[in-house]
1. List the residues, sorted by chain then number, that are 5 or more residues from LEU21 or on another chain and whose placed amide H is less than 5 Å from its amide H.
2. 222 nm [θ] for the chain, helices only, -39500 (n - 2.57) per DSSP H run of 4+, per residue, to 500?
3. At most 11 other C-beta atoms within 10 Å and a DSSP loop state: those are the exposed GluC sites (Glu not before Pro) I care about. Give me the longest piece of the chain that has none.
4. Which far-off residues, 5 or more places away or on another chain, put their amide H under 5 Å from the one on SER89, with H placed in the peptide plane?
5. May I ask for the distance between the Cα centers of the range 58-73 and the range 3-44, given as a whole number of Å?
6. Show me, for the range 50-65, the HN-Hα J-couplings you get by feeding each phi into the Karplus relation (A = 6.51, B = -1.76, C = 1.60, θ = phi - 60°), rounded to Hz, glycine and proline as x.
7. What number in nm² do you get for the range 7-58 if you take the convex hull of its Cα atoms and divide its surface by four?
8. When you take every Cα atom in the chain, what is the radius of gyration, and what is Dmax, the widest Cα pair distance, in Å?
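What follows draws every value from the coordinates through simple rules; no lab data is involved. These numbers come from a predicted model, not from an experiment. So basically every Cβ, Gly included, is an ideal-geometry build from the backbone, and we count neighbours across all protein chains shown.
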Amino acid sequence: MDGEISGPELQTALDSDEKPLIVDIRNARQFERSHIPGSVNIPLAELPQRVETLRDADHVVTVCPHGKASVKAARLITSFEGFNGTVESLSCGITGWEGTTESEDMDAEESADAPF
């Protein structure tokens, strides 16, 4: 693990040409409710089996609710033999993130197909 990144530092990175890959390790339901735009959801329990999918990322930022579990996730990614990039944990977690978030409103998507 290469350390922690603050919310403002992450926002600066997201505004640059070389955006980090944001890996949100919360469960799917929490992710659907609110997440940083462009992030991918890999719940912590699935990360050991899916870490290889991050092999080609140059910069990964892990995100959890409060910035604690994401440190463990960052360490796990760093320990993967096939990964050579930078890995940081969002220190404030999603609860302290002051940047833009988006949600996936599943009910609205389903009702869009309704005939009336």
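1. Hits under the 5 Å cutoff: HIS59, VAL60, VAL61.
2. For the chain, the value works out to -8500 deg cm²/dmol.
3. Working: sites that count: GLU18, GLU81, GLU98.
Answer - 19-80.
4. Those lying under 5 Å, H to H, from SER89 are GLY3, GLU4, ILE5, THR62.
5. 8
6. Per-residue couplings from phi come out as 10, 4, 4, 5, 9, 3, 8, 6, 7, 9, 10, 10, 8, 10, 9, x Hz.
7. So the Cα hull casts an average projection of 4.0 nm².
8. Computed over the Cα atoms of the chain, radius of gyration and Dmax are 14.9, 53 Å.
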